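Quick note: the coordinates plus some simple rules give every number you see, no bench work behind them. These figures come from a predicted structure and were not determined experimentally. When we count neighbours, we look across all protein chains shown, and the Cβ atoms used for this are built from the backbone with ideal geometry, even at glycine.
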Amino acid sequence: MNELVQILKNTRQHLMTGVSHMIPFVVSGGILLAVSVMLYGKGAVRMP
């Protein structure tokens, strides 16, 4: 049981590290989308 808890803690640590490394990409994508809307007045994705 103790080994399972350690594996789960280790897995959680790896997932949180991956998420923290992806945050700059998500933020920069949002900034680029906001700039494109400001410049062109519409979103980059067409609505059906």
Fill in: Helix axis angle, 2-40 relative to the chain longest principal axis, alpha carbon, degrees
10 degrees
Worksheet, complete the sentence: Least to most buried among 38, 1, by other C-beta atoms within 10 Å and fewest first, runs 1, 38
Discussion item. Could you work out the pair-distance distribution P(r) of the chain from its alpha-carbon pairs, with 5 angstrom bin width and percents rounded to whole numbers?
Written reply: 4, 18, 13, 12, 11, 9, 9, 7, 7, 5, 3, 1
